[in-house]
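Since the structure comes first, as structure tokens, the remarks are kept for the end.
Just so you know, all these numbers are worked out from the coordinates, no wet-lab data involved. Just so it is clear, the model here is predicted, and its values are computed rather than measured. Positions of Cβ are generated from backbone atoms using ideal geometry, with glycine treated the same way; all protein chains shown enter the neighbour counts.
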Amino acid sequence: MVVQPEHSRIGTTTFTAVIAPECSGIEGAALLVVFLILWLFLFRKEVRFPQALLLIPGGIALLLFLNAVRIAVLIIIGNAGWRDIATQGFHSQGGWIAFNTVAFGISVGARRIPWVAKRSFHEQLVPSSRTGRNAVSIYLLPFLALLFGGMLAKAVSGKFEWFYGLRLLFTLPVLWLFRRDYLRLPRKWDWAAAAVGIAVFVMWVGIDRSIFPAPAAAQPLELTNASGAVQAVWILMRALTAIVVVPFAEELAFRGYLMRRFAGEDFESMPPRAAGWFAVLVSSAFFGLMHGSRWIAGIIAGLFYAILYRRTGNLSSPIVSHFVTNLLLTIYVLVFNDWSFW
Amino acid sequence: MKKVVEIGLILAGMANVAFAGTVSAPEIDASAGVAAIALLTGGILVLRGRRRS
């Protein structure tokens with residue numbers, strides 16, 4: 001065991017971590033305070049004051065404890081020989097996992113504690129949570145499962161994301177769970193949707209290759225050095241996620257839910273044509289932001305899919321479009337060996 | 001109110017993009033922030049949708 005408080009260093013003889021100020025839990029605690037102030041303001045009618053204010057110091061204490069656990073786990077992973085995972089994947093994701101656990105835990109827990117939640121809201125929660133259909137979950141849960149799988153996959157990866165397929169493994173069961181609801185959605189094959197998918201693919205590659213030139217990337221060395229079977233399984237999981245799961249999960253969330261939600265509270269009964277330009281633009285902007293450095297291409301793609309959905313009034317249209325785009329991107333990556341798009 | 005949560009989510013996402021890369025090895029990694037905040041906000045929306053249904 002190595003403990004050097006004067007250098008903020010802790011660890012074992014084979015792996016030590018230096019606790020820099022930004023790793024001390026301060027950033028997470030500050031973010032949690034912002035989140036809780038916002039949460040208490042938005043849901044002020046549902047909680048009792050002043051006791052609800054205790055959620056702030058309670059949350060900070062819990063987050064600081066989880067940060068200590070995070071550092072301990074990081075050292076255990078590094079000491080076990082997985083230095084890459086400890087310093088890269090787990091290091092960057094661990095803080096968010098802890099933050100989300102505390103923030104979501106408070107959101108769930110506070111409304112179930114009678115001392116904090118107002119009686120009317122506490123009672124209302126119990127019967128309706130056992131019965132009825134939650135339309136929001138039908139549209140959002142596949143996307144949340146995709147995000148959660150991605151977060152977990154990154155947390156257990158080093159330079160190369162070996163467990164990319166966790167996205168698929170988490171999202172498929174959710175899609176299966178709501179399969180009856182999805183089969184009830186109107187669907188129709190539409191050649192215009194396929195054409196929009198091709199146009200988005202051309203735009204996506206065009207922006208990367210001409211307007212904001214990004215260098216092409218060869219297959220990651222870690223994958224090249226793996227056995228043929230491992231390569232095949234990884235590529236299959238990666239392709240299935242991009243082609244099958246992502247179009248469903250993202251279109252349900254961004255077009256099916258978010259775009260229509262901006263048009264009205266009862267989003268499910270809201271026809272897509274009722275969504276104004278604000279709804280189209282904001283849902284596309286958020287869709288673009290989810291695509292990291294390719295956010296411009298993402299926003300334009302979102303606009304294409306949103307306008308298509310508005311025109312056809314059928315969620316199967318943007319799903320088909322998105323499917324075609326991702327299928328072509330997958331073929332492009334594998335045929336031209338340009339892995340920058342993956 | 002949900003709309004406010006959604007716009008807050010978008011602003012938080014934009015802020016994360018704006019501040020991405022300011023710290024090389026942060027506890028709260030800005031580049032992973034968009035997905036994390038989307039996950040949290042989406043979770044809260046599902047939770048609240050559950051009560052209303």
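For chain A, a simple Cβ point-charge model (Lys and Arg +1, Asp and Glu -1, everything else neutral) yields a dipole of about 1060 debye relative to the Cα centre. Look at the dipole of the protein assembly as shown built from charges on Cβ: of A:P114, A:L166, A:V196, the Cα furthest out on the positive end belongs to A:P114. When the charge dipole of the protein assembly as shown is built from unit charges on Cβ atoms (+1 for Lys and Arg, -1 for Asp and Glu) and taken about the Cα centre, the candidate among A:N134, A:G78, A:I211 whose Cα reaches farthest toward its positive end is A:N134.
For region A:2-130, the Cβ-based charge dipole about the Cα centre amounts to some 660 debye (Lys, Arg positive; Asp, Glu negative; other atoms uncharged).
Could you work out, residue by residue across A:288-296, how many beta carbons of other chains sit within 10 Å of that residue's beta carbon, and then give the average as an integer? Display every interim value, and only then the final one.
Numbers: counts 2, 9, 4, 1, 6, 3, 0, 4, 0.
Average neighbour count from other chains, rounded to a whole number: 3.
Spacing of the modelled spin labels on A:L42 and A:S293, each 7 Å from Cα toward Cβ, amounts to 3.1 nm. Placing a pseudo-label 7 Å from each Cα along the Cα-to-Cβ vector at A:D266 and A:F104 gives an inter-label distance of 3.0 nm.
What is the protein assembly as shown by shape, rounded, prolate or oblate, if you read a ≥ b ≥ c off the alpha carbon gyration tensor as root eigenvalues and call it rounded for a/c under 1.5, prolate for a/b larger than b/c, and oblate otherwise?
On the way: a/c = 1.90, a/b = 1.08, b/c = 1.76.
It is oblate, given that a/c is not under 1.5 and a/b is not larger than b/c.
By the gyration tensor of its Cα atoms, with a ≥ b ≥ c the square roots of the eigenvalues, what is the shape of region A:63-107: rounded for a/c under 1.5, prolate for a/b over b/c, or oblate? Intermediate values should be presented prior to the final figure.
Numbers: a/c = 3.85, a/b = 2.16, b/c = 1.78.
Taking the square roots of the gyration eigenvalues as a ≥ b ≥ c, region A:63-107 is prolate.
Label-to-label distance, A:L183 versus A:R273, with points set 7 angstrom from Cα along the beta-carbon direction: 3.0 nm. Any idea which of A:L36, A:S293, A:F267 is furthest toward the positive side of the dipole for the protein assembly as shown, if Lys and Arg beta-carbons carry +1 and Asp and Glu beta-carbons -1? Towards the positive end, the residue furthest out is A:F267. Each part gets one Cα centre, and for region A:13-53 versus region A:174-210 those centres are 38 Å apart. Legend: mean number of C-beta atoms from other chains within 10 angstrom of residue C-beta atoms, peptide A:91-99, equals 5.
Taken about its Cα centre, region A:47-206 carries a charge dipole of roughly 540 debye when the Cβ of each Lys and Arg holds +1 and the Cβ of each Asp and Glu holds -1. Checking the a/c ratio against 1.5 first, then a/b against b/c, what shape does the Cα gyration tensor give for region A:167-227? Since a/c reaches 1.5 but b/c is at least a/b, the shape of region A:167-227 is classed as oblate.
Of all the options A:Q231, A:Q51, A:Q88, the one that moves most in a Gaussian network model of chain A with Cα springs shorter than 10 angstrom is A:Q51. Across region A:2-130, the volume of the C-alpha convex hull divided among the residues equals 122 Å³ per residue.
Largest GNM mean-square fluctuation across A:R48, A:R111, A:R184, computed for chain A with C-alpha springs under 10 Å, falls on A:R184. Overall dimensions of region A:208-342, expressed as equivalent-ellipsoid semi-axes from the Cα gyration tensor (√(5λ), whole Å, largest first), are 32, 16, 11. Based only on the alpha carbon positions, what is the Kirkwood hydrodynamic radius of region A:33-99, in angstrom? For region A:33-99, the Kirkwood estimate is 13.7 Å.
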